[in-house]
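Chemist: The structure follows.
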Amino acid sequence: MKNAVIGNNKQKANLIVLGAVPRLLYLLQQETSSTELKTECAVVLGSLAMGTENNVKSLLDCHIIPALLQGLLSPDLKFIEACLRCLRTIFTSPVTPEELLYTDATVIPHLMALLSRSRYTQEYICQIFSHCCKGPDHQTILFNHGAVQNIAHLLTSPSYKVRMQALKCFSVLAFENPQVSMTLVNVLVDGELLPQIFVKMLQRDKPIEMQLTSAKCLTYMCRAGAIRTDDSCIVLKTLPCLVRMCSKERLLEERVEGAETLAYLIEPDVELQRIASITDHLIAMLADYFKYPSSVSAITDIKRLDHDLKHAHELRQAAFKLYASLGANDEDIRKKIIETENMMDRIVTGLSESSVKVRLAAVRCLHSLSRSVQQLRTSFQDHAVWKPLMKVLQNAPDEILVVASSMLCNLLLEFSPSKEPILESGAVELLCGLTQSENPALRVNGIWALMNMAFQAEQKIKADILRSLSTEQLFRLLSDSDLNVLMKTLGLLRNLLSTRPHIDKIMSTHGKQIMQAVTLILEGEHSIEVKEQTLCILANIADGTTAKELIMTNDDILQKIKYYMGHSHVKLQLAAMFCISNLIWNEEEGSQERQDKLRDMGIVDILHKLSQSPDSNLCDKAKTALQQYLA
């Protein structure tokens, strides 16, 4: 059987159909079977697992994993190795759930104990760990069972395969895990610290796979806060190594992994972004990611060509990701990226690719570049980026919507020339729709974009926003559990209530509800920032001609303004002062009656007190207000 199935997928499938698996598993678990027989069974099963994903599914359906794990309790090393080899093959298949390794709590400690048995147990166990360690829960289990101590010394093993699998283990253990990363920094192996060993492993004379994986380990440790971003092992070793991986000479997978890891490394750090942008002409080098494969004749291996054509989209995704990281903060870098040949066209094309991952990466890249005022006014306008963006927003998955709507916020800033055409293409309805999303990030972006849209806008746009959003939805957003949503909704209200005719118009139709909302927020348990924004909205209302009366006839609100004038927080005192100043301003009709009413409330006494304030800003505002009484 063993000789029949090796390298022959058809034969493997035949044997499985004929029911060989349950019989082999029965022999494997029979106490009367000799060790040689059990080992042969494990080898045949391992060979069957090497076939298609369907083969692996058939093996899983027969409960092969518990049987093989049971086999690891045998005293015979050859049998243990055969079981581990088969387990390794099964666990590295995408159809196998990782959880199966963790269902029985005794398995991990037993595997740790088997690490010392032979180079094969080391290689297979490390490979199983690195494939089955998905997320913080798995990392914690492995860490608590001593993975770091047990695997560290394998980095100096004479076997390349063992060193490589151990290295992969560390990369998955350290990923986004401060606890593991902080531990790794101080681990000694043969008198050398782990980061130094990783640095040695990313030298140019080492195999590419080893260079890349060591660079990943150092990148993850750096991002988890265990290595500083200005440490020489990052700046002089890891970063240049990852840039090298992006060159034309590397294989497609290496270029993808290199670019994605580099994007992750430099994402939060502007200094690393600057260094990367001037290393080996990286920005130009990434442009080649879009011309792949460049010349067909250079690729002699037809199988390789077929594979690469199927995966060329991964290169584009990686390039977009890295451009997004490079341009996250620095204006000059953004300019360089946009000036790279046909860059804007490529991004716009990326927005409509069939692969969701490419679309997401293209939107991220655009979003990063849209943080530039200059680019919003020039390149983004020349290429009418808003058109494909509006199309992306029509029916995209949430993760794309979040980034695309963030970018729309930038395109709707008052200085952006795209603002007009976006409004005409039905953005108001689309954004009002986003504010009803279950996803808080989408609600924030929807309301944020409306806030930008309402800034210094004409009355018609403001009326459109209020009509589409509906007052019910506006008040729902004012009681949203997400602080960002609440702040942006207050910002929207503040922008809607600016310039006198607009204030009076909106307050004449929605005054009652808006005053109710303001009262609720000032009475509620809210942060200083929220209350400050709310008082600023009141100050805007107090600036209206007819709208003023809504405040003057509402004693409850007047008492609240008085209360905040005497508040312990200067920001709130200032905001309340704005309200008072707007109400008592002399040149306006009815100012005398308003001044008298406020004097009777004791406002003038408070103003005298505030004119002695140590805060110069507050002191000046109080004096200016008192002058209105004297004039």
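The values are calculated or read from the model by the stated rules, or taken from the named source; none is laboratory data. Please read all numbers here as calculations on a predicted model, not as lab measurements. Counting neighbours? That spans all protein chains shown, and the Cβs are built from the backbone with ideal geometry, glycine included. Each accessible area value is taken on the protein alone, full model and side chains, heavy atoms only, with ligands, DNA and RNA left out. Shrake-Rupley method; radii C 1.70, N 1.55, O 1.52, S 1.80 Å.
Chemist: For Asn617 and Glu31, compute 0.36 nm times the residue count separating them, minus their Cα-Cα distance, and round to one decimal in nm. Mind dumping the intermediate values first?
Modeler: Working: separation 586, 0.36 × 586 = 210.96 nm, distance 8.85 nm.
Length difference between fully extended and current span is 202.1 nm.
Chemist: If you don't mind, there's one more thing I want to ask. Distance between Cα centroids, the range 565-602 to the range 378-424: provide it in whole Å.
Modeler: First find each Cα centre; the distance between them is then 42 Å.
Chemist: Tell me, what is the percent relative contact order of the chain, built from C-alpha pairs under 8 Å that lie six or more residues apart? Don't skip to the end; give the middle numbers.
Modeler: Values: 808 pairs, mean separation 30.8, N = 631.
Relative contact order, the chain: 5 percent.
Chemist: Starting from the range 307-384, pick out the GluC sites (Glu not before Pro) whose DSSP state is loop and whose Cβ has at most 11 other Cβ atoms within 10 Å. Kindly include the intermediate steps, with their values, before the conclusion.
Modeler: Details: sites: Glu314, Glu331, Glu339, Glu341, Glu353; in loops: Glu341, Glu353.
In loop regions of the range 307-384 (DSSP not H, G, I, E or B), the sparsely surrounded GluC sites (Glu not before Pro) are Glu341.
Chemist: Okay, moving on. In sequence order, what are the phi-derived ³J(HN,Hα) couplings for the range 240-246 according to the Karplus relation 6.51 cos²θ - 1.76 cosθ + 1.60 with θ = phi - 60°, rounded to whole Hz, with x for glycine and proline?
Modeler: Karplus-based 3J(HN,Hα) across the range 240-246 equals x, 4, 5, 5, 4, 5, 8 Hz.
Chemist: Counting other Cβ atoms within 10 Å of each Cβ, which GluC sites (Glu not before Pro) in the range 14-93 have at most 15 and sit in a DSSP loop?
Modeler: On the way: sites: Glu31, Glu36, Glu40, Glu53, Glu81; in loops: Glu31.
Filter output for the range 14-93: Glu31.
Chemist: Using alpha carbons only, how many angstrom separate the centre of the range 320-350 from the centre of the range 184-263?
Modeler: 25
Chemist: So for the range 49-118, averaging the separation of alpha carbon pairs under 8 Å that are six or more residues apart and normalising by length, what relative contact order in percent results?
Modeler: Working: 42 pairs, mean separation 22.1, N = 70.
Answer for the range 49-118 is 32 percent.
Chemist: I would also like to ask the following. In whole Hz, what ³J(HN,Hα) sequence does the range 355-363 give by Karplus (6.51, -1.76, 1.60; θ = phi - 60°), x for Gly and Pro?
Modeler: Values per residue, Gly and Pro as x: 6, 4, 4, 5, 4, 4, 5, 5, 5 Hz.
Chemist: Follow-up. How high is the FRET efficiency between Glu424 and Val270 when r is their beta carbon distance and R₀ equals 30 Å, given to the nearest 0.05?
Modeler: Details: r = 37 Å, r/R0 = 1.23.
Computed FRET efficiency for Glu424 and Val270: 0.25.
Chemist: Put a dot 7 Å past each Cα toward the Cβ at Asp398 and Asp190; how far apart are the dots in nm?
Modeler: The answer from the label model is 4.9 nm.
Chemist: Turning to a different aspect of this structure: For the chain, what does -39500 (n - 2.57) per DSSP helix run (n ≥ 4), summed and divided by total residues, give at 222 nm, in deg cm²/dmol to the nearest 500? It would help to have the intermediate numbers written out before the result.
Modeler: Values: 41 runs with 440 residues, N = 631.
The per-residue figure over the chain is -21000 deg cm²/dmol.
Chemist: Return the distance in nm (one decimal) between the two label points of a simple spin-label model at Ala463 and Thr106, each offset 7 Å from Cα along Cα→Cβ.
Modeler: For the pair Ala463/Thr106, the computed spacing is 7.8 nm.
Chemist: Applying a 10 Å radius around every beta-carbon, put 41-48, 234-241 in order of their mean neighbour count, most first. The partial results should precede the final answer.
Modeler: Details: 41-48: 25.1, 234-241: 20.8.
Answer by packing, highest mean first, reads 41-48, 234-241.
Chemist: State in Å² the accessible area per residue of the chain; use a 1.4 Å probe, count heavy atoms of protein chains only, and round to the nearest integer. All intermediate terms of the calculation are to be shown ahead of the outcome.
Modeler: Values: 28380 Å² over 631 residues.
I get 45 Å² per residue for this part.
Chemist: Report the FRET efficiency, 1/(1 + (r/R0)^6), for Met182 and Glu588, where r is their Cβ-Cβ distance and R0 is 60 Å, rounded to 0.05.
Modeler: On the way: r = 63 Å, r/R0 = 1.06.
Between Met182 and Glu588 the formula returns 0.40.
Chemist: A further question follows. Output needed for the chain: three equivalent-ellipsoid semi-axes, defined as square roots of 5 times the C-alpha gyration tensor eigenvalues, in descending order, whole Å.
Modeler: On the way: eigenvalues 800, 158, 126 Å².
Largest first, the chain gives 63, 28, 25 Å.
Chemist: If you stretched the chain out fully between Ile141 and Thr519, how much longer would it get, using 0.36 nm times the residue separation minus the C-alpha to C-alpha distance? Can you show the working numbers first?
Modeler: Details: separation 378, 0.36 × 378 = 136.08 nm, distance 5.13 nm.
Roughly 130.9 nm would be gained on extension.
Chemist: Moving to a separate point now. Going by average Cβ neighbours within 10 Å, how do the peptides 252-258, 135-141 rank, with the highest at the top? Walk me through the numbers on the way to the answer.
Modeler: Details: 252-258: 21.3, 135-141: 15.1.
Highest mean packing first, the order is 252-258, 135-141.
Chemist: For Ile400, what charge total do you get from the other residues with a beta carbon under 12 Å from its beta carbon, if Lys and Arg give +1 and Asp and Glu give -1? Don't skip to the answer; put the middle values down first.
Modeler: Details: positive: Lys357, Arg359, Arg364, Lys391; negative: Glu353, Asp398, Glu399.
Summing Lys and Arg as +1 and Asp and Glu as -1 gives +1.
Chemist: I need to check one value: relative contact order of the range 1-158, counting alpha carbon pairs closer than 8 Å and at least 6 residues apart, in percent.
Modeler: Working: 153 pairs, mean separation 28.8, N = 158.
Relative CO of the range 1-158 lands at 18 percent.
Chemist: Rounded to whole Hz and in sequence order, give me ³J(HN,Hα) for the range 330-345 from the Karplus expression 6.51 cos²θ - 1.76 cosθ + 1.60, θ = phi - 60°, writing x for Gly and Pro.
Modeler: Each residue of the range 330-345 in turn: 9, 4, 5, 5, 4, 4, 4, 5, 5, 7, 5, 2, 6, 4, 4, 4 Hz.
Chemist: Order of 460-472, 533-545 by packing, highest average Cβ count within 10 Å first?
Modeler: On the way: 460-472: 15.9, 533-545: 22.8.
Highest-to-lowest ranking by the protection proxy: 533-545, 460-472.
Chemist: Can you give the Rg to Rh ratio of the range 303-439, both from alpha-carbon atoms, with Rh computed by the Kirkwood formula? Display every interim value, and only then the final one.
Modeler: Details: Rg = 15.2 Å, Rh = 15.4 Å.
On the Cα set of the range 303-439, Rg over Rh gives 0.99.
Chemist: Same structure, new question: Quick one: if the Förster radius is 56 Å, what FRET efficiency do Gln70 and Arg377 give, using the C-beta to C-beta distance and rounding to 0.05?
Modeler: Numbers: r = 69 Å, r/R0 = 1.22.
Efficiency computed from Cβ-Cβ geometry: 0.25.
Chemist: Still on this structure, please answer the following. Please give the length that would be gained between Ala113 and Glu98 if that part of the chain were fully extended, namely 0.36 nm times their separation in residues minus their C-alpha to C-alpha distance (nm, one decimal).
Modeler: Details: separation 15, 0.36 × 15 = 5.40 nm, distance 2.03 nm.
My answer for the length gained is 3.4 nm.
Chemist: Also, I was wondering about something else. In straight Cα distance, which lysines are under 18 Å from Lys335, not counting same-chain residues fewer than 8 positions off?
Modeler: Excluding near neighbours in sequence, the set is Lys321.
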